[in-house]
Amino acid sequence: MFGEQKVSFSGVQPSGNLTIGNYLGAIRNFKEYSEQYKTFYCVVDEHAITVRQVPADLRRRTYETLALYLACGLDPQKNTLYVQSMVHEHAELGWILNCFTMFGELSRMTQFKDKSARHADNINAGLFTYPVLMAADILLYQTDVVPVGIDQVQHVELCRDIANRFNQIYPDTFTIPTAMLAKNGKKIMSLADPEKKMSKSDENQNAVVYILDDRDTIIRKFKRAVTDSGSEIRFDPQKPGVSNLITIYSCFTGKSIEEIEREFEGKGYGDFKLAVGEVTADALADVQSRYREFLSDKAQLEAQMKRGAEEASYYARRTLSKVQKKLGFVQIH
Ligand code: ATP
Ligand code: LTN
C-alpha cells in the first residue's frame, strides 16, 4: 500500500524469448490491476545474470521484454514500466534483506535446486540468494499483490516470511504481499513433456511456443505436441498432454472445459491440435504486430525506460530510506 492505493508488482527476466507460459501465467494478468492499483512491472535484468548471459543478447532482450509489455497492452500512462538495474535501490535493499534471510530457507527453494542442477558449472552465490533480490523488488514498493505463475509462489512465500521477520523487529516497515495466480494458465506445460513446465530456457524448441512464433510454426508445434493414449478430448489428470492443450485453448478462447469437451466430442486429436494452434496464432497476431511497432522505435523505448525508472525510484527511495533509518544507518539531509 502506498497511501490509499494498493500496489501490484511483478517482473520478467530478459533471459530468453518469452513463451505462451509467460504470457498466460503472468504478463496477461498484469493488466487486470492497471485500473485500480498502482502497478509496477519490471524487466529484471539483475536476476538474469545469475546465469551467464551474452551482453549483446541481454541488452537486446531487455528492449524486447519492455516492447512486449507494451504490446501486451500495458499502458505506460497507467503502469510504471522499467528496468531493474536502472533503479539502484533494488540491489541495496537486496543486500539488507540478505541479513534477514536464513541459509536454510534459501536451501529449500526448488528453483535453486533445479537451476543449480542445470548449471552445475556455475552455482554462484547470486543463484542462491536470488529470492532475496526478488523479495527486495516486491517490498520496495509496499506491494499488496504479485501476479505470477505457480512456480514463483514459493519465492513470494519466502518474501512474506522475510517481511514478517523484519516487521517484527522494526514494526510497520513493509506491506505483506500475496501471490496472485491466473485463474486459468498458472502452469502451462511443455508440449514435448506435459509433466514439465513450459520454460523459455528449454533446449527443445518444439516443447515451447514463443509469443513471437509465426502462425505456421505455432500450428506445426501444436501438431507435434505429445498427447496421451486414447483419443478422447477430455480434461483428466491421467491425460496431461490433452489437458494442457485444453487449458491453452480455454485461455485463448475464454471457453470453459465443459464447453470445449462438448465442442470436440467425437473428434480426434488431429482436429483438436489444429484448432488449438489456430486460436493461439489468432490471439497472438495482435500482440505480435504491436510488438514489432514498439520494437522499431528504440528512442521511444529508451524514453520509457528513463521515465519508468524515475517514477519507480521515487517510491523505491521512500521505502529504502525508511528501512535505513530503522536499521540505524546515519542519514544526513
Ligand atoms: P526460465 O526458463 O529462464 O526459468 P521462465 O520461462 O520460467 O524462465 P520467468 O522469467 O522465470 O520465465 O517467468 C516470468 C513469469 O512467467 C513468472 O511469473 C512465471 O511464474 C511465469 N511463468 C513462466 N513459465 C510459466 C508457465 N509455463 N506457465 C505459467 N506461468 C509461467
Ligand atoms: N523470479 C521471477 C522473476 C522476478 C519476479 C520479481 C516476479 C524477479 N523479481 C518480483 C515477481 C515479483 C522469475 O524467475 N520468474
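The values are calculated or read from the model by the stated rules, or taken from the named source; none is laboratory data. This is a predicted model, so every value here is computed, not measured. Cβ placement follows ideal geometry from the backbone for every residue including glycine, while neighbour counts extend to all protein chains displayed.
Odds and ends about this structure:
- Residue selected from region 33-57 under the condition among the β-branched types (Val, Ile, Thr) and touching a residue at least 12 places away in the same chain (Cβ under 8 Å), by the criterion surrounded by the fewest Cβ atoms within 10 Å (Cβ to Cβ): ILE49
- Some residue of region 160-172 being within 15 Å of ligand 1 (Cβ to nearest atom) and acidic (Asp, Glu): no
- Test: residue in region 15-32 that is at pLDDT 95 or above, surrounded by fewer than 22 Cβ atoms within 10 Å (Cβ to Cβ) and assigned to a loop (DSSP other than H, G, I, E, B): no
- Residue check, ASP144 modelled with pLDDT of 95 or more, over 16 Å from the mean Cα position of the chain (by Cα), surrounded by fewer than 20 Cβ atoms within 10 Å (Cβ to Cβ) and within 24 Å of LYS326 (Cβ to Cβ): no
- Within region 267-293, residues that are touching a residue at least 40 places away in the same chain (Cβ under 8 Å) and surrounded by 13 or more Cβ atoms within 10 Å (Cβ to Cβ) have Cβ atoms under 7 Å from residues that are part of a helix (DSSP H, G or I) and small (Gly, Ala, Ser) in these pairs: VAL287/ALA71; ARG290/ALA71; TYR291/ALA67; TYR291/ALA71, counting only partners at least 6 apart in sequence or on another chain.
- Tally, over region 58-90, of residues that are acidic (Asp, Glu) and either surrounded by 18 or more Cβ atoms within 10 Å (Cβ to Cβ) or at pLDDT below 95 (or both): 2
- Selection from region 106-163 of residues that are among the aromatic types (Phe, Trp, Tyr) and either more than 10 Å from ligand 2 (Cβ to nearest atom) or more than 29 Å from GLU4 (Cβ to Cβ) (or both): PHE112, PHE128, TYR130
- Single condition VAL12 does not satisfy, out of (1) closer than 30 Å to LEU327 by Cβ; (2) at pLDDT 95 or above; (3) within 15 Å of ligand 2 (Cβ to nearest atom): (1)
- Test: residue in region 178-195 that is within 16 Å of the chain's Cα centre (by Cα) and more than 13 Å from ligand 1 (Cβ to nearest atom): yes
- Taking the conditions (1) within 11 Å of ligand 1 (Cβ to nearest atom); (2) in contact with a Ser or Thr (Cβ under 6 Å, 6 or more places away or on another chain) in turn, VAL7 satisfies each one other than (1).
- For first residues located in region 105-134 and over 12 Å from ARG52 (Cα atoms), partners that are polar (S, T, N, Q) and within 11 Å of ligand 2 (Cβ to nearest atom) and lie 6+ apart or on another chain with Cβ distances below 7 Å form the pairs MET109/GLN154; THR110/GLN154; TYR130/THR50.
- Counted as qualifying within region 256-333 are the helices (runs of 4 or more DSSP H) with 1 or more residues that are under 23 Å from the mean Cα position of the chain (by Cα), namely 269-296, 298-327.
- Pair list, Cβ < 6 Å and 6+ apart or interchain, from region 8-30 residues that are farther than 16 Å from ILE150 by Cα to residues that are among the basic types (Lys, Arg) and more than 10 Å from ligand 2 (Cβ to nearest atom): PRO14/ARG61
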